[in-house]
Amino acid sequence: MSNITNNFQEIISHCKEYGYIFQSSELYDGLSAVYDYGQMGAQLKKNIRDEWWKSMTQLHDNIVGIDAAIFMHPTVWKASGHVDNFSDPMIDNKDSNKRYRVDHLIEAHVETLDKAAGDALLAEMDKLLAADDLAGLKSLIETNKIKCSISKTCNWTDVRQFNLMFSTQIGSVAEEADTIYLRPETAQGIFVNFLNVQKTGRMKIPFGIAQTGKAFRNEIVARQFIFRMREFEQMEMQFFVRPGTQMEWYNYWKETRKKWHESMGIPTEKLRYHDHVKLAHYADAALDIEFEFPFGWKELEGIHSRTDFDLSQHAKYSKKKIQYFDNDLNAEGKPYGNYTPFVVETSVGLDRLFLTIVSLSYLEEKWTKEDGTEDSRVVMKIPAKIAPVKLAILPLLKKDGLPEIASQLMNECKPHFHCFYEEKDAIGKRYRRMDAIGTPFCVTIDHQTKEDNTVTIRYRDTMTQERIPMSEVKRLVMEKICC
RNA sequence: GCGGAAGUAGCUCAUUUGGUAGAGCGAUAGCCUUCCAAGCUAUAGGUGGCCGGUUCGAGCCCGGUCUUCCGCUCCA
């Protein structure tokens, strides 16, 4: 276990040292649970996102992508249930340090009372909760001498509101106050655009809408590097289906998504399903695809059958009809007609997938050389198709015209994929630097190149190399990064 | 939020009853070098996480605070 922990520490250090991830505002001692992606990390993250986007939109005829704004009308979050369910008044007992939800604490106390007194207390609590009267709730607890079940004391902190949504102000919102929220999930941007996309895209059920983007949650405890952050990026796809067929599609996406992760180089044995026992208010089935992170099995992606909850809620709150007319014929030969579609959601944490790829890729290798001495390297075996830099072009020496040939090759390759040019230090040192950032291919230009236009290409994963015509380099790398 | 551990150069660490900070690696510039980090020369980098206190004097003692990791807790 301690080895695993150390390994995780090393991955974190490596990410910082080679420009993958920095702590946000590090110059000012950092901001808790917020991270920046560096020059390497941003490219890797983009490559992962692009793969997902392609697999969803380009490879599925019936899925289209959108990009909804982070700010949304405040009523969206009432309709979705986030305003009511994403926020709870909490109170801590100073002696036991145990934290309670205020309503749970009072309800537990009510059970010890007779019916009349209990009902009166509940009525009082509901009134205070509705009024957001936090001080009133505290004095209610104190005047009723409600004790902590562990410390048996009434030594309470103030009641505090824990809302997982970040709020801010906007200029002009007609109704409600001028408080708006930073979205805690991207899904709602898809639901509120359901009709727009369906009509303008002439989409026929079943079809999906995909989206990637930032979401924000004011987690009380956010930790484990980029696993749980306050600002994070989701890659979500909402698949709209005919009511009654949702389990079929739920199973389809369950399989499809797991296979996709495997196609990203994640070994099958590191992935597993975890069915939700307790379902959220909107779901009739839910599971996580979990990955074995260095700190244990954790959720990587969620597959949820969300029923017609979201579209119905938005229909209700917006007072607009959100339905689909299905012309397909049923068993009786009649069109299915109007209905509110059911939704199967797939939702991946992009940052978590990034962490998955990085923790799988990071390796410390040791071996014995032919002369009997020990050698080692740190290598990031990032799959070639998502590696930030695909090819390093290295003149063996920085003289004798070798850099000129190398820059020719640079010009030929760089319009097609990311290349890196380096002429400093011994060749072995340059190879190790490329290993550390995860560059899958290195090409070296030497004196023989001047004679016969061949170069050596060196493979990161095996450290083997072969001699090929320089004119083949572009084609060969393109071939390897497309699979 | 509670408890534990930690924070000194880009990285890993030294500086031992408190006396104004060093090394290795790395980086940069150059030299040497015909394929897997190890040769030579030079240079740059730290108000010791931050703020305050004790002291003639604090990296070291004390208080607070920020951040990270671990264990709880939390995560509709």
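The values are calculated or read from the model by the stated rules, or taken from the named source; none is laboratory data. Model, not experiment: these values are computed from the prediction. As a convention, Cβ positions derive from the backbone with ideal geometry for all residues, glycine included, and neighbour counts pool all protein chains shown. Remember, those area values only see protein heavy atoms, side chains included, never the ligands or the DNA or RNA. Shrake-Rupley method; radii C 1.70, N 1.55, O 1.52, S 1.80 Å.
Quick one: accessible surface of A:Lys385, probe radius 1.4 Å, all protein chains present, in square angstrom to the nearest 10.
Rounded to the nearest 10, that gives 40 Å².
Once the piece of chain linking A:Asp67 and A:Met410 is laid out straight, how much longer is it, given 0.36 nm per residue of separation minus the C-alpha distance between them?
Difference between extended and current length: 120.0 nm.
Evaluate E = 1/(1 + (r/R0)^6) for A:Thr157 and A:Asp50, where r is the Cβ-Cβ distance and R0 equals 51 Å; express this FRET efficiency to the nearest 0.05.
Values: r = 47 Å, r/R0 = 0.93.
For A:Thr157 and A:Asp50, the calculated efficiency is 0.60.
Using label points projected 7 Å from each Cα along Cα→Cβ, tell me how many nm separate A:Asp29 and A:Thr373, to one decimal.
Reported label-point gap for A:Asp29 and A:Thr373 is 4.6 nm.
Once R0 is set to 41 Å, what does the formula 1/(1 + (r/R0)^6) return for the Cβ-Cβ distance between A:Arg223 and A:Lys145, expressed as a FRET efficiency to the nearest 0.05? Intermediate results must be reported in sequence, preceding the final value.
Values: r = 36 Å, r/R0 = 0.88.
According to the calculation, E is roughly 0.70.
Please report, in cubic angstrom per residue, the volume enclosed by the convex hull of the alpha-carbon atoms of segment A:228-324.
Details: hull volume 13.6 nm³, N = 97.
Measuring per residue, one finds 140 Å³ for the Cα hull of segment A:228-324.
Label-point separation (nm) for A:Lys259 and A:Asp284, each offset 7 Å from Cα along Cα-to-Cβ?
That separation, rounded to one decimal, is 2.5 nm.
At 222 nm, what helix-only mean residue ellipticity would chain A give, in deg cm²/dmol to the nearest 500, using -39500 (n - 2.57) for each DSSP H run of four or more?
Working: 16 runs with 167 residues, N = 483.
Only helices count here, giving -10500 deg cm²/dmol.
Considering the options A:Ala135, A:Ala286, A:His261, tell which one lies farthest towards the positive end of the dipole of chain A, charges being +1 on Lys and Arg and -1 on Asp and Glu at the Cβ, about the Cα centre.
Farthest towards the positive pole: A:His261.
Restricting things to Cα coordinates, could you compute the convex hull volume per residue of segment A:389-482 in Å³?
On the way: hull volume 7.8 nm³, N = 94.
Considering the Cα atoms of segment A:389-482, their hull volume per residue is 83 Å³.
Considering every Cα-Cα pair within chain A, what fraction, in whole percent, is farther apart than 33 Å?
On the way: 62020 of 116403 pairs.
Within chain A, distances greater than 33 Å cover 53 percent of Cα pairs.
Name the trypsin sites (Lys or Arg not before Pro) in segment A:225-291 that are in a loop by DSSP and that have at most 16 other C-beta atoms within 10 Å, would you? All intermediate terms of the calculation are to be shown ahead of the outcome.
Numbers: sites: A:Arg228, A:Arg230, A:Lys254, A:Arg257, A:Lys258, A:Lys259, A:Lys270, A:Arg272, A:Lys278; in loops: A:Arg228, A:Arg230, A:Lys278.
In loop regions of segment A:225-291 (DSSP not H, G, I, E or B), the sparsely surrounded trypsin sites (Lys or Arg not before Pro) are A:Lys278.
Could you do me a favour and compute the accessible area per residue for chain A, 1.4 Å probe, result in Å²?
Details: 24030 Å² over 483 residues.
Roughly 50 Å² per residue, with all protein chains present.
Taking R0 as 25 Å, what FRET efficiency do you get between A:Val83 and A:Ala108 from their Cβ-Cβ distance, rounded to the nearest 0.05?
About 0.50, to the nearest 0.05.
Could you please state how large a percent of the accessible area of chain A is carbon and sulfur, counting protein chains only and using a 1.4 Å probe?
On the way: 12120 of 24030 Å².
Heavy-atom surface of chain A belonging to carbon and sulfur, 1.4 Å probe: 50 percent.
Peptides A:308-321, A:208-221: what's the order by average Cβ count within 10 Å, highest mean first? Show your work: numbers first, answer last.
Numbers: A:308-321: 15.9, A:208-221: 18.4.
The most tightly packed comes first, giving A:208-221, A:308-321.
For segment A:187-226 and segment A:237-308, what is the separation of their Cα centres, given in Å?
Segment A:187-226 and segment A:237-308 have Cα centres separated by 16 Å.
Hey, what angle do you get for helix A:39-53 against the long axis of chain A, alpha-carbon based, 0 to 90 degrees rounded to 10?
Computed tilt is about 70 degrees.
By per-residue mean of other Cβ atoms within 10 Å, what is the highest-first order of A:37-45, A:135-143?
Top to bottom by mean Cβ count within 10 Å: A:37-45, A:135-143.
Distance in nm between label sites at A:Ile468 and A:Phe166, each 7 Å beyond Cα in the beta-carbon direction?
With each label point 7 Å from Cα toward Cβ, the separation is 4.5 nm.
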